[in-house]
Amino acid sequence: TPVLRVADLELDTARRVARRAGMDIFLSAREYALLEFLMLRKGRLVTRQEIWEHVYELHSNAQSNVIDVYVGLLRKKVERPQWRRLIHTRRGHGYTVAEMPPGE
């Protein structure tokens, strides 16, 4: 399906548009690529290495905090105080997009 969904977060992959609670979310190309990668693996823990291999250039410095920065930027856009958290971090392991954090 061209529309990926997690709770009220939608990603229309055909139009490359993100929406949450009926509101458009404007994403940079890198933010979109990261969100799409996470949503395609909904509910699954994605390692930093997997993100580097699929979202960023393979020759990039994998020790950089750029992934953390982009996850932070993405969270600011798709998570508001009144909305449920959907991007979860498992410290030292990676990230997941899910309605509930892994293990709950």
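The values are calculated or read from the model by the stated rules, or taken from the named source; none is laboratory data. As the structure is a prediction and not an experimental result, all values here were calculated from the model. Here the Cβ positions follow ideal geometry from the backbone for every residue, glycine too, while neighbour counts run over all protein chains shown. The protein model used for the area step is the full one, side chains on, heavy atoms only, and it has no ligands, DNA or RNA in it. Shrake-Rupley method; radii C 1.70, N 1.55, O 1.52, S 1.80 Å.
When only the Cβ of Lys, Arg, Asp and Glu is charged (+1, +1, -1, -1), the dipole of the chain relative to its Cα centre reaches about 240 debye. Taking all protein chains into account, the per residue accessible area for the chain stands at 61 Å² (1.4 Å probe).
From helices alone, the chain scores -9500 deg cm²/dmol at 222 nm; the rule is -39500 (n - 2.57) for each run of n ≥ 4 DSSP H residues, then divide by the residue total. Over the C-alpha atoms of the chain, the Rg to Rh ratio, Rh being the Kirkwood estimate, stands at 0.94.
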